[in-house]
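Trainee: The structure follows.
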Amino acid sequence: MKHSKFYALSFTWGLPMTLIGLVVAAVLICAGKKPKRHKACFYFEVGENWGGLELGIVFLTDKTPTEHTKNHEHGHALQNCYWGVLMPFVICIPSAIRYWY
């Protein structure tokens, strides 16, 4: 997917998750964290040994993310473009439940 289409979908159909991600990014930037880029997304490294969390065009990873983890979270950002407002119910909540149990 081209970056322009990715951003257009992220800021329209996928806006709920993207807004959450932007708020989290603003808090992390105010806390002194610096964002990094991975493909069309921005990410922050926070904590240790926990994996990742996708929030629209922003995702979070632990302090030592593998390329696999970054690609995985980017894949969820693409899913946000496809699923949009349904993303929390179709992908995020089931994924969180699977992670915690």
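Trainee: In the Gaussian network model of the chain, springs joining C-alpha atoms below 10 Å, which of G56, G14, G32 carries the largest mean-square fluctuation?
Mentor: Among G56, G14, G32, the largest GNM mean-square fluctuation belongs to G32.
Trainee: Here's another thing I want to ask about it. For the chain, set up a Gaussian network in which alpha carbons nearer than 10 Å are linked by springs, and say which option among V27, V58, V85 fluctuates the most.
Mentor: Fluctuation is largest for V27.
Trainee: What is the dipole size for the chain, taken about its Cα centre, with +1 at each Lys and Arg Cβ and -1 at each Asp and Glu Cβ, in debye to the nearest 20?
Mentor: The dipole of the chain has a size of about 300 debye.
Trainee: Keeping every protein chain present and rolling a 1.4 Å probe, give me the accessible area per residue for the chain in Å².
Mentor: For the chain, the solvent-accessible area averages 61 Å² per residue.
Trainee: Now a separate question. Within the set of other residues whose C-beta is less than 13 Å from the C-beta of F42, count the net charge using Lys and Arg as +1 and Asp and Glu as -1.
Mentor: Every neighbour counted, the sum reads +3.
Trainee: State the percentage of accessible surface on the chain attributable to carbon and sulfur atoms; use a 1.4 Å probe and exclude ligands, DNA and RNA.
Mentor: 68
Trainee: Report L9's accessible area, 1.4 Å probe, all protein chains in place, as a number in Å² to the nearest 10.
Mentor: Result for L9: roughly 50 Å² accessible.
The values are calculated or read from the model by the stated rules, or taken from the named source; none is laboratory data. Just so it is clear, the structure is predicted and the values come from calculations on it, not from any experiment. When we count neighbours, we look across all protein chains shown, and the Cβ atoms used for this are built from the backbone with ideal geometry, even at glycine. Heads up: the accessible areas ignore ligands, DNA and RNA and are worked out on the full protein's heavy atoms, side chains in. Shrake-Rupley method; radii C 1.70, N 1.55, O 1.52, S 1.80 Å.
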